[in-house]
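Taken together, the values in this text are just the output of simple stated rules run on the coordinates, not laboratory data. Just so it is clear, the structure is predicted and the values come from calculations on it, not from any experiment. In this analysis, Cβ positions are derived from the backbone assuming ideal geometry, glycine residues included, and neighbour counts consider all displayed protein chains.
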Amino acid sequence: MTKTLLTRAGAILLTASVLAACSNGPSLPEPADLQDISTSQSMTEHWQATVGQGNEQYSQSLQPVLQAGVVYTAAHTGQVSAYDAETGEQLWQIELSAGVSAGLGWSEGHLLVASSDGKLHMLASADGSEIWQVPTSSEVLAVPQSANNTILIQTIDGRITAYAAKTGELLWNHTSDLPNLTLRGTSTPVIDGAVSYAGFANGKLLAFDNNKGNIIWQQRISAPQGRSDMERLVDIDGPLQLVDGSLYVTAYQGNLTAVDALTGKVNWQQPISSFQAPAIYGGQVFVITEKSSVMAYDRQTGVEMWRNDDFLHRGLSQALALENLVMVLDSLGYAHLLDQATGVAVGRHKIGHRGAGVGFVRHGKHVFVLGQDASLTRLSLD
């Protein structure tokens with residue numbers, strides 16, 4: 001049976017077009033205008049570097065890695081680089097023979113990166129030299145994960161595969177059933193000791209024994225509804241979050257769900273459509289909806305605490321919790337700061353990156369932002 005992949009942007013535009021056809025309104029929603037704010041929290045931009053060539057056709061973000069004062073980055077056009085975190089000075093750069101589809105992962109002093117020609121590469125963090133490469137079953141769009149000498153990848157053909165970190169030897173794999181239509185993207189799995197967790201395009205969350213790949217439990221996060229393939233999309237597309245024994249999962253046209261990691265029991269659910277991973281901080285869960293509303297929920301009960309609709313259709317990134325603030329970045333090049341207690345915007349900074357695919361890594365008050373246009377920016381809270 002032929003499977004069809006739909007980009008995240010395509011899903012949003014197709015949905016908007018269907019609604020517009022019924023209402024005779026515009027097919028493409030305009031990004032919300034920025035509201036005036038009484039700025040009480042400012043940000044400083046320390047430096048910006050170009051890490052390669054941007055490619056705005058990719059909606060998936062590439063994730064920078066920060067280790068021992070060095071920021072490692074990848075660009076969709078194939079460049080992998082290292083920068084001094086303090087100064088932004090480039091330490092080294094290599095170029096793969098194909099573009100980069102996913103990364104970067106970290107494995108005991110080595111970098112993990114997936115290329116668009118269906119290969120997983122392990123690179124030395126000292127100079128980018130290749131340690132090994134292995135073919136993958138199809139394209140990888142989620143950051144490779146590593147722990148306990150195991151590397152885990154998830155591919156767009158519905159397969160999760162485990163490799164030995166030292167050699168790249170295949171350990172086990174599992175293939176899920178794919179719907180006829182899926183989003184072009186996959187969830188990022190989580191490795192926790194002897195167990196790994198992964199979400200799939202059929203709306204199911206599975207726990208695996210890392211030794212042999214046996215299924216420990218499975219739980220349906222969202223059930224397909226409607227008659228058309230479009231209406232029945234329930235992809236678990238955002239990275240999973242594991243905090244204090246609970247998994248927090250989002251799904252497109254589905255739910256935000258808190259699941260007991262030991263048993264797979266659902267603790268609570270809220271109906272939310274999202275591509276992004278939830279952010280967990282203290283007693284709150286922060287999530288971005290597909291239309292770029294910012295939502296906050298009580299972590300124990302799932303009760304909604306606040307909602308901010310000021311950034312509708314601005315293509316917000318995953319939320320990032322910073323002390324008593326929440327940072328979100330939009331596809332038009334702005335970083336926004338919201339008060340964690342109320343959701344009110346209290347700060348804004350124009351970075352200037354382009355595209356919705358934004359990855360970032362945090363260190364204290366510092367945030368390193370990797371834009372879809374291959375710009376790397378170091379920001380800090382004042």
Practice problem: Name the long-range amide H neighbours of VAL243: under 5 Å, sequence gap of 5 or more, or other chain; modelled H, no Pro or chain starts. | Solution: TYR248
Quiz prompt | 5 angstrom amide H check on TRP306, placed H, neighbours 5+ away | solution = ALA296
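What is the Cα radius of gyration of segment 320-380 over 2.2 N^0.38 Å, N being its residue count? It would help to have the intermediate numbers written out before the result.
Working: Rg = 11.1 Å, N = 61, 2.2 N^0.38 = 10.5 Å.
Computed over Cα atoms of segment 320-380, the ratio equals 1.06.
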Practice problem: Identify the trypsin sites (Lys or Arg not before Pro) of segment 192-225 meeting these criteria: DSSP loop state and at most 12 other C-beta atoms within 10 Å of the C-beta. | Solution: LYS212
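What ranking, highest mean first, results for peptides 37-43, 98-104 when packing means the other Cβ atoms within 10 Å averaged over each residue? Can you show the working numbers first?
Values: 37-43: 13.7, 98-104: 23.6.
The peptides rank, most packed first, as 98-104, 37-43.
What Kirkwood hydrodynamic radius do you get for the chain when you take the inverse of the mean 1/r over all pairs of distinct Cα atoms, in Å? The partial results should precede the final answer.
Details: mean 1/r = 0.0476 Å⁻¹.
The Cα-based Kirkwood calculation yields 21.0 Å.
Using only Cα atoms, what is the ratio of the radius of gyration of segment 208-354 to 2.2 N^0.38 Å?
So the Cα radius of gyration is 1.10 times the expected 2.2 N^0.38 Å.
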Quiz item: When we measure straight from the Cα of LYS265, which lysines land under 25 angstrom away, once same-chain ones fewer than 8 places off are left out?
Solution: LYS204, LYS212
Practice problem: Could I have the simple spin-label model distance between GLU86 and ASP157, label points 7 Å from Cα toward Cβ, reported in nm to one decimal? | Solution: 4.8 nm
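Which loop GluC sites (Glu not before Pro) in segment 94-191, with loop taken from DSSP, have no more than 16 other Cβ atoms within 10 angstrom of their Cβ? Can you show the working numbers first?
On the way: sites: GLU95, GLU108, GLU130, GLU139, GLU169; in loops: GLU108, GLU139, GLU169.
Counting only loop positions with at most 16 other Cβ atoms within 10 Å, the GluC sites (Glu not before Pro) in segment 94-191 are GLU108, GLU169.
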Quiz item: When we measure straight from the Cα of LYS350, which aspartates and glutamates land under 17 angstrom away, once same-chain ones fewer than 8 places off are left out?
Solution: ASP33, ASP36, GLU45, ASP310, ASP330, ASP373, ASP382
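Using a Förster radius of 45 Å, what is the FRET efficiency between GLU45 and ASN211 based on their Cβ-Cβ separation? Nearest 0.05, please.
That gives a FRET efficiency of 0.45.
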Practice problem: For ILE272, list long-range residues whose amide hydrogen, built 1.01 Å from N in the peptide plane, is under 5 Å from its own amide hydrogen. | Solution: GLY254, ASN255, LEU256
Quiz item: Which three extents, in whole angstrom, do the alpha-carbon atoms of segment 39-132 cover along their principal axes, largest first?
Solution: 47, 31, 19
Quiz item: Assuming R0 = 30 Å, what is the FRET efficiency of ARG307 and LEU262, from their Cβ-Cβ distance, to the nearest 0.05?
Solution: 0.45
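What FRET efficiency would be calculated for the residue pair SER380, GLU130, taking the C-beta separation as r and a Förster radius of 35 Å, to the nearest 0.05? All intermediate terms of the calculation are to be shown ahead of the outcome.
Details: r = 34 Å, r/R0 = 0.97.
Efficiency computed from Cβ-Cβ geometry: 0.55.
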Practice problem: Within segment 286-382, list the GluC sites (Glu not before Pro) lying in a DSSP loop whose Cβ has at most 16 other Cβ atoms in a 10 Å radius. | Solution: GLU323
Practice problem: Evaluate the distance, in nm, between pseudo-label points positioned 7 Å from the Cα of ASP117 and of GLN67 along their respective Cα→Cβ axes. | Solution: 2.5 nm
Quiz item: Any idea how far apart ARG220 and SER137 come out in nm if each label point goes 7 Å out from Cα toward Cβ?
Solution: 2.2 nm
Quiz item: Roughly how many whole Å is it from the C-alpha centroid of segment 118-182 to that of segment 43-107?
Solution: 19 Å
